[in-house]
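All remarks here apply to the structure that follows.
The values are calculated or read from the model by the stated rules, or taken from the named source; none is laboratory data. Please read all numbers here as calculations on a predicted model, not as lab measurements. Backbone-built Cβ (ideal geometry, glycine too); neighbour counts: all protein chains shown. Heads up: the accessible areas ignore ligands, DNA and RNA and are worked out on the full protein's heavy atoms, side chains in. Shrake-Rupley method; radii C 1.70, N 1.55, O 1.52, S 1.80 Å.
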Amino acid sequence: MLKTTLAGLRAHKLRLLLTSLAITLGVGFIAGTFVLTDTIEVGFRQKFTADAAKISVAVKPKDNPEAQEAPTIPADALERIRKVPGVADAQGLLQGPTPLLGRDGKAAGNIPTTAISVPTGTLNRVIVTSGDFPARPTDAILDENTAKTRRFAIGDTITVLDTKGARNDFTLVGLFDTGVNQNLAYTGAVGFTTDTAQRMTGAKGFGEVDVAGAEGSDPARLRDAVAAAIGADYEVKTGSQLADELAAQSNVETSYLTLMLLLFGLIAMFVAALVIYNTFNILVAQRTREMALLRCIGATRAQIFGSILLESVVVAILSSGLGLLLGLGLGAGAMAGLDLLDAPVPSGAAISLTPRTIILAVVIGLVVTVGAALLPARAATRVAPIAALRSQVEEQTFKAGLVRTILATLFLLAGTGVTIAGITMDGGGGDALIVIMAGGALFFLGVLILSPVIMRPLASFVGWLPRRLFGVPGSLAVDNARRNPKRAATTTLALTIGVTLMTLISVITATTRATINAQLDAQFPVDYMISEQRGPDSRIPRALAAALRQSPEVGSVIQMQRAEAQLEGSGTEKFQVGNFPASPDFRPQATTGSFDGFVPGTVALVDGTARSLGRKVGDTIQLKTEQAGTVTLKIAATFDRDSSDLAPITIPQAEFDRYFGALDDAAVYVNAKDGVAPDVARRAVEAIAQPYPTALVVSSTEIRSEFEDALDMMLMIFGGLLGLAILISVLGIANTLSLSVHERTHESALLRALGLTRPQLRRMLSVEALLLGLIGALIGITLGVVFGWSAMQTLPFDILFRAPADLILLFLVLSGLAGVLAALLPARRASRASIVDALAST
Amino acid sequence: MIRRAARPSVAAMTITTDVRHAVVAKGLTKIYGQGDAAVHALRGVDVSFATGAFTAIMGPSGSGKSTLMHCLAGLDTVTEGSVTVGDTEITRLSDKQLTLLRRERVGFVFQAFNLLPTLTAEQNIRLPLEIAGRQADQVLFDRVIDTVGLRDRLSHKPSELSGGQQQRVAVARALISKPQVIFADEPTGNLDSRSGTEVLAFLRHSVRELGQTIVMVTHDPGAASYADRVIFLRDGLMVSELIEPTPQTVLDTLLKLEA
Ligand SMILES: Nc1ncnc2c1ncn2[C@@H]1O[C@H](COP(=O)(O)OP(=O)(O)OP(=O)(O)O)[C@@H](O)[C@H]1O
Ligand SMILES: [Mg+2]
């Protein structure tokens, strides 16, 4: 029996390879994920270990959640550490936001550049790639990326704002690499000597103190000594402890990446399982006679079962092995790509292939392949020996059984029920989304079970046009697509999965886009927003708004201020208090109450604050102001936090100055005068803002396009990751088709003998594949739109539902094309086959 | 339609001196493979088939019967020699032209796998016309259906028909497009004697009543006796022929050949 199986496998190497490809791709993706993330983790560990080798002991302030500002290590503590016996050197590290001015005189980027202190001596961990370390107070170094994008070179003078906003000029003496520090890579970094960094950031102490032990000192003992010297407010660790901790932190981060990639890997594997299941089913069907013959000459059911399973095991091992190789390649490729993009991941680490990856790849490959082959193998044992004697292979007939109908109905009902429960769930949000996802999965299983029943009507429906367009080949193709609904169903549903998810994501992004745009229109009907680059705690001088009002290009200017205050009866908790100018241009939406009655003496609260205070519209709150004592305010309205930029406690603008004094602006909104061209207005606003280097001018279109870019990016990433599942399903179509073509060799020969030309035969097969692709896409699009809609219902605000017709149409067309593409090779082979040979073969 | 007078061959002369030929083969040679592995399936066969006649081809297994038929029908290429169907020399035709020739002028009945399983009997019968984009001659269709005796089975799928019925559907399909010649390779090979007889009677009927030309390969002397003429092949050569054969004369000739 073993010999028979192996002989069969050898005889069909190509078929074997094609079947394996689906699993190979899936396993390759999963293995690649592990190779990539393992390599990154190893790189991080190497980097941290190398850093830690320089450090005997590291001191950090203990976290204090109560404190207003992050705790630091004061200078005297550093001095005490330096005096501990056995300490060769101790250096304080600090960092803080210090805006770097670009060549245009405005602060570079949307977030301030981070200043870091560069210690001297062995404790330095900053890697200067060209030039020198900062030595004099007027020296500075920049990270390579910032230097490149801002076009600064060594020797240039750069201007950096200190914490008070004063300009400080430095000579750029070197460039450095931010390495694996994601935060620095994001903000950009400028390095100073420790003293200068302290002066520039205004830091009161250090974020960390690194200690180098004297020659031959024991880090653990030194740690204890340092801890004893500085007291209980600090965490003291050895260098290797620090490395472990940093590595663990970065592993948590990479594990998110792993999880997300694995999710897509699993989707791909599921699709691959469908493809394998289908392939084995077809193979069993085609070998009915062979199987029956074996049974005739005495093979037992168990032997038949075993031989099919053995075949699947061979396929699994082969494809897992190939998948592992592919995974190595993918991992290495992704690493190279990240390097090329200068992502903040450690480069240079050797590609890591751990035993875990190998075992997982083989186990997943085996489980999925053999699991998918179980049912077909069982079907093979049901072949009666008598089948060997039948002359013509019987058409597989399919009848919708009662069990199938009941099961499908159950799943569909459960899916619908769970989804509705998710939609109507209180509060919506992430939990509801997960419930809906579960509902979607259940519903999909229902569709999967039911699909053979709906395949025929769908094929007739979708085939209506091809039947008329393509004449005889067209109608033969429609018949072929209908003839084996089970096979067609599994083939198309593999594609459906990809299309469903793509549609889902495009519906979600389109809806988000439309909804947010509408919100922006409603809540920010302004042309420009001016905010502080250094964040919400910094202020824009009121002079800017005043200057804007003088400009002939500017129509209206809205100033918003912020302050912090306590409420009577709410302890020491501080609330953000903001104001809101009474302006017809700017009218947020109230959840309860109305902004019509938003007059002096009233207040508007964010829903959450109102809830936590236990107040509603009509109630009062007592606000402790700085200049007017405690004032009693009546709640006029509550509003949704996400729907506007207002502070949790918002009072009318007229009152603000009286309560808190003439504070500078937190944000300034500007509308251009009607009829002024956008570029003219923009130039005018920017010219007025020029003296304020950290006043960021953004137009509403910029906000929009930034946000649209982010959505497009997400769509692209998801599309790319789902591409694999889609590719596998297309392979599945090609595989099914080529097996069907093989099975129908006689039929094709007969048709050719009866006068069907080669192109007609090819067209017949292409149309069949086209139908499969279109059916798969139609089901997927329907599911995707429905569940996309459901998912959007979990959002806590009103949405503008959008199904992007252009994208969806594109998916339909691409699916059809993918089908036709999948048919290319099988069709070519079928049309090339010699009629005589085909008729002769049995 | 068929203007070309055939070269007077022994077979033709014995029936009538001015006979028209549906298919004529001259010096037909077919070699499979090359060098040492070369198989001479046909070694220069000269044969013609009269229009409106029912001819059987017989010979031992491997004598080249199927090969001859495939070459005559344009299904296979010939190594040397010429084949003329009607007035068309077919050995130089392109694949496309050959396809059109088969579509318009040649009918087939095979030993098995004659019908498309997805189509009903009627759809199978009309298939060649559909492919050619021609309208069925309704009178002919009715006549063929009645002759085949399948009127109550027209809407059945092949899997619901017996082997004999399937073959009769195949014959009906071959007849419906009024081809110049029908080639049948062991059409009764898979049938029991009763179904075989049905099909053979029907074939002869269509020659007599519809004036159809039929060339049939068979191993069965009984089947051959339905034909007007039997030609015998051995080792790729035509070695003998019989006019107005009976099972006994066919058997005698076969025995002589094998001796
Ligand atoms: N494709 C091929 N390649 C090589 N040799 C072939 C091929 N087809 C047929 N032959 C050889 O050509 C010779 C004639 O074959 P053919 O099929 O015509 O015989 P036949 O008379 O139809 O036999 P049977 O009665 O068994 O059907 C045989 O020796 C056969 O082995
Ligand atoms: Mg033969």
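Cross-link partners among lysines for A:LYS616, C-alpha distance below 17 Å, same-chain residues fewer than 8 apart left out?
Partners found: A:LYS634.
Pairing the Cα long axis of helix A:239-286 with the longest principal axis of chain A, what angle in degrees results, from 0 to 90 and rounded to the nearest 10?
20 degrees
Quick check: the angle from helix B:121-132's long axis to the longest principal axis of chain B, C-alpha only, nearest 10 degrees?
Approximately 60 degrees, to the nearest ten.
Need the C-alpha centroid separation for the stretch A:491-523 versus the stretch B:33-51, integer Å.
Measuring centre to centre over Cα atoms gives 67 Å.
Calculate one ³J(HN,Hα) per residue across the stretch A:753-768 by plugging θ = phi - 60° into the Karplus curve 6.51 cos²θ - 1.76 cosθ + 1.60, and present them in order as whole Hz with x for glycine and proline.
Going residue by residue, I get 4, 7, x, 6, 6, 4, x, 5, 5, 4, 5, 4, 5, 5, 5, 4 Hz, with x marking Gly and Pro.
Among A:ALA710, A:VAL367, A:ALA88, whose Cα lies farthest out toward the positive end of the dipole of chain A, if unit charges sit on the beta carbon of Lys, Arg (+1) and Asp, Glu (-1)?
Sorting the options by dipole projection puts first A:VAL367.
If you scale each eigenvalue of the Cα gyration tensor by 5 and take the root, what three semi-axes come out for the stretch A:261-348, rounded to whole angstrom and sorted largest first?
Equivalent-ellipsoid dimensions as semi-axes: 43, 13, 9 Å.
What value, in deg cm²/dmol to 500, does the helix sum -39500 (n - 2.57) over DSSP H runs of n ≥ 4 give at 222 nm once divided by the residues of chain A?
Helix contribution divided over all residues of chain A: -20000 deg cm²/dmol.
With θ taken as phi - 60° and the coefficients 6.51, -1.76 and 1.60, list the Karplus ³J(HN,Hα) couplings across the stretch A:625-638 in order, rounded to whole Hz; mark glycine and proline as x.
3J(HN,Hα) across the stretch A:625-638, in whole Hz: 9, 7, 10, 10, x, 7, 10, 9, 10, 8, 7, 8, 7, 10.
Going by amide H atoms built from the backbone, whose H comes under 5 Å of the H on A:GLY102, apart from near neighbours?
So A:GLY102 has HN proximity to A:ALA107, A:ALA108.
Measuring from the lowest to the highest alpha carbon on each principal axis, how far does chain A reach, largest first, in angstroms?
Principal-axis extents of the Cα atoms in chain A, largest first: 101, 75, 50 Å.
Rounded to two decimal places and with Rh computed the Kirkwood way over Cα pairs, what is Rg over Rh for the stretch A:55-249?
Here the Rg-to-Rh quotient is 0.99.
Using the Kirkwood formula over every pair of different C-alpha atoms, what hydrodynamic radius in Å results for the stretch B:105-162?
The answer is 12.2 Å.
On a 27 Å Cα-Cα criterion, which of the cross-link pairs B:LYS65/B:LYS256; A:LYS60/A:LYS148; A:LYS164/A:LYS237; B:LYS30/B:LYS96; A:LYS47/A:LYS204; B:LYS157/B:LYS178 come out too long?
As for pairs spanning more than 27 Å Cα to Cα, those are A:LYS60/A:LYS148; A:LYS164/A:LYS237; A:LYS47/A:LYS204.
Beyond 29 Å, what percent of the Cα pairs of the stretch A:526-700 remain?
Of the Cα pairs, 24 percent sit more than 29 Å apart.
Does the stretch A:217-371 come out rounded, prolate or oblate, given a ≥ b ≥ c as the square roots of the eigenvalues of its C-alpha gyration tensor, rounded meaning a/c under 1.5 and, failing that, prolate meaning a/b above b/c?
Since a/c reaches 1.5 and a/b is larger than b/c, the shape of the stretch A:217-371 is classed as prolate.
Taking the Cα centre of the stretch A:526-700 as origin, work out the dipole magnitude from +1 charges on Lys and Arg Cβ and -1 charges on Asp and Glu Cβ, in debye rounded to 20.
For the stretch A:526-700, the charge dipole is close to 200 debye.
For the stretch B:65-116, just say rounded, prolate or oblate: build the C-alpha gyration tensor, square-root its eigenvalues into a ≥ b ≥ c, call rounded for a/c under 1.5, and beyond that prolate if a/b exceeds b/c, oblate if not.
Because a/c hits 1.5 or more and a/b fails to exceed b/c, the stretch B:65-116 counts as oblate.
Would you mind working out the magnitude of the charge dipole of the protein assembly as shown relative to its Cα centre, with +1 at each Lys and Arg C-beta and -1 at each Asp and Glu C-beta, to the nearest 20 Debye?
4700 debye
For the stretch B:197-259, place one equal point scatterer on every Cα, skip the solvent, and apply the Debye formula. What is log10 of I(q)/I(0) at q = 0.12 Å⁻¹?
Computed log10 I(q)/I(0) values: -0.30.
Would you work out which of A:MET560, A:LEU493, A:SER506 lies farthest towards the positive end of the dipole of the stretch A:448-567? Charges go on Cβ: Lys and Arg +1, Asp and Glu -1.
Going by the Cα projections, it comes out as A:LEU493.
State, as an integer percentage, the relative contact order of chain A based on alpha-carbon contacts under 8 Å between residues 6 or more apart.
This gives 16 percent for chain A.
Strictly greater than 21 Å: what percent of every Cα pair in the stretch A:75-162 meets that?
That tail contains 41 percent of the Cα-Cα pairs.
Between 0 and 90 degrees, rounded to the nearest ten: what's the tilt of helix A:471-483 against the longest Cα principal axis of chain A?
It works out to around 80 degrees.
Can you pull the accessible area of A:SER319 for me, 1.4 Å probe, Å² to the nearest 10?
Answer for A:SER319: close to 0 Å² accessible.
Would you work out which of A:ILE835, A:ILE420, A:LEU783 lies farthest towards the positive end of the dipole of chain A, given +1 charges on the beta-carbon of Lys and Arg and -1 on that of Asp and Glu, about the Cα centre?
Of A:ILE835, A:ILE420, A:LEU783, it is A:ILE835.
Scattering from the C-alpha atoms of chain B alone, worked out with Debye: what is log10 I(q)/I(0) at q = 0.09, 0.17 1/Å?
Evaluating at q = 0.09, 0.17 Å⁻¹ gives log10 I(q)/I(0) of -0.38, -1.38.
If you place +1 on the Cβ of every Lys and Arg, -1 on the Cβ of every Asp and Glu, and leave all else neutral, what size is the dipole of the stretch A:55-249 about its Cα centre, to the nearest 20 Debye?
Using only the charged Cβ atoms, the result is roughly 460 debye.
Just the number, please: Stokes-Einstein D of the stretch A:138-185 in µm²/s, Kirkwood Rh from C-alpha pairs, 37 °C, 0.692 mPa s.
Once the numbers are plugged in, D ends up at 288 µm²/s.
Between the stretch A:428-460 and the stretch A:624-654, how many Å separate their Cα centres?
When both Cα centres are located, 47 Å separates them.
For the stretch A:414-465, report the convex hull volume of the alpha-carbon atoms normalised per residue, in Å³, without decimals.
With only Cα atoms used, the stretch A:414-465 gives 86 Å³ per residue.
Extent of the stretch A:655-730 along each principal axis, from alpha carbon coordinates, in Å, largest to smallest?
67, 36, 24
From the P(r) of the stretch A:741-810, can you give the percent of Cα pairs sitting at distances over 21 Å?
52 percent
Give a residue-ordered list of calculated ³J(HN,Hα) values for the stretch A:526-539 (Karplus: 6.51 cos²θ - 1.76 cosθ + 1.60, θ = phi - 60°; whole Hz; x for Gly, Pro).
Values per residue, Gly and Pro as x: 10, 8, 9, 10, 10, 10, 8, 4, 7, x, x, 7, 9, 10 Hz.
What is the percent carbon and sulfur in the accessible area of the stretch A:55-249, measuring with a 1.4 Å probe over the protein chains and ignoring ligands?
49 percent
Take B:LEU28, A:LEU322 and sort them by solvent-accessible surface of the protein heavy atoms, 1.4 Å probe, largest at the top.
Largest to smallest exposure gives the sequence A:LEU322, B:LEU28.
Hey, any idea what the orientation-averaged projected area of the convex hull of the stretch A:1-155's Cα atoms comes to, in nm²?
Spelled out: convex hull of the Cα atoms, projected over all directions, averaged, 20.1 nm².
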